[in-house]
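A short write-up of the structure that comes next.
The values are calculated or read from the model by the stated rules, or taken from the named source; none is laboratory data. Quantities reported herein were computed from a predicted structural model and do not represent experimental measurements. Glycine also receives a Cβ, built like all others from the backbone with ideal geometry; neighbour counts cover every protein chain displayed. Ligands, DNA and RNA are stripped out before the accessible areas are found, and what is left, the full protein with its side chains, is counted by its heavy atoms. Shrake-Rupley method; radii C 1.70, N 1.55, O 1.52, S 1.80 Å.
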Amino acid sequence: MILFFSGTGNSHYVAKIIAEKTKDDIVSINNLLKQGNQKQLVSQDKPFIFVCPTYAWRIPKVVEEFIKSVNFSGSNKVYFILTCGLSTSNALGYIKQLCKVKGFELQGFADIVMPENYIAMYNAPDKVTADKIIQKSMPKILKIAEDIRDEIPFPVRTTKPSLKSGIVNTTFYKFFVKSKGFYTTEKCIGCKKCVQLCPLNNIEMKEDKPSWQNNCTHCMACISGCPTLAIEYKNKTQGKPRYYLECK
């Protein structure tokens, strides 16, 4: 079973390729969170594969909390595949801690460079550049998929403490990951796409306009998936390209 969390499509895309190669089921953590079904028993005999983005050099808190809350049975073998803009730093060290808590046997960890999407802080690439980044990563994605299909463990490197995955991650969530700052412009047509995309049900419609509540993970789904480019974040995103990879 491939369980993925994705804000703007990168991890969904990678999970889909792995699912196609392994002939395994693919499950959206976004949908489970949105439906409130995250604590259900999940059982299978084959290894579990988790695919998610890297938030401040670690797996997203919502993904970690999801994994901790779910009762997994059958196989205790797991693979973790993280998409990232450049580096995962010591994300693996925290994944090892999570595996210890859950009684998982880590079979492999891999990071895959995909187009940047966190436009609240960085610039997303234009479409041509984004396509080149994805194509460059394709051989690695396919090799990972083949190894998982054949249940071949791939090397899990040693880890060491990192300020990025430690103090910086903590600071990022404490001071930056907040809903306050998202707003709509006159381009908003009240289509509710942002409401549908938000995995945490954090957006409500008020007078035909979206209103952000207090449960946000900064996945950028709303701002990047808006069909009219009507959503902005503070003064950080004006004029920036949006990156959203559609996965059918």
(request) Could you work out which residue, out of PHE175, PHE80, PHE48, moves most in a Gaussian network model of the chain, that is, has the largest mean-square fluctuation with Cα springs under 10 Å? (result) PHE175
(message) Please list, in order along the stretch 69-74, the HN-Hα scalar couplings obtained from phi with the Karplus expression 6.51 cos²θ - 1.76 cosθ + 1.60 (θ = phi - 60°), rounded to whole Hz, x for Gly and Pro.
(response) 7, 8, 8, 9, 9, x
(request) Step through the residues of the stretch 210-223 one at a time and calculate ³J(HN,Hα) from phi using the Karplus curve (6.51 cos²θ - 1.76 cosθ + 1.60, θ = phi - 60°), rounding each to whole Hz and writing x for Gly and Pro. (result) x, 10, 8, 8, 10, 10, 10, 10, 6, 6, 6, 5, 5, 6
(request) Starting with the highest mean, order 184-191, 241-248 by the number of other Cβ atoms within 10 Å, averaged over the residues of each peptide. (result) 241-248, 184-191
(request) Show that you can apply the helix-only estimate: for the chain, add -39,500 (n - 2.57) for every DSSP H stretch of four or more residues, divide by all residues, and state [θ] at 222 nm to the nearest 500. (result) -9500 deg cm²/dmol
(request) Any chance you could give the angle, 0 to 90 degrees and rounded to 10, that helix 91-102 forms with the longest Cα principal axis of the chain? (result) 70
(request) Looking at the chain, send over the antiparallel percent of its DSSP beta bridges, to the nearest 5. (result) 25
(message) What does the extension gain come out to for ASN31 and VAL195, with contour length at 0.36 nm per residue minus their alpha carbon separation?
(response) 57.8 nm
(message) For a test of the definition: using alpha carbon positions, the gyration tensor, and the 1.5 limit on a/c, classify the stretch 171-231 as rounded, prolate or oblate.
(response) prolate
(message) Given points 7 Å out from each Cα along the Cα-Cβ axis, report the LYS234 to MET121 separation in nanometres with one decimal.
(response) 1.1
(message) Run the numbers for LYS160 and GLU207: contour at 0.36 nm per residue of separation, minus the present Cα-Cα distance, in nm.
(response) 11.9 nm
(request) Using the heavy atoms of the protein chains and a 1.4 angstrom probe, tell me the accessible area per residue for the stretch 114-248 in square angstrom. (result) 60
(message) Contact order normalised by length for the stretch 1-92, with contacts defined as Cα pairs under 8 Å and 6 or more residues apart; what percent is it?
(response) 33
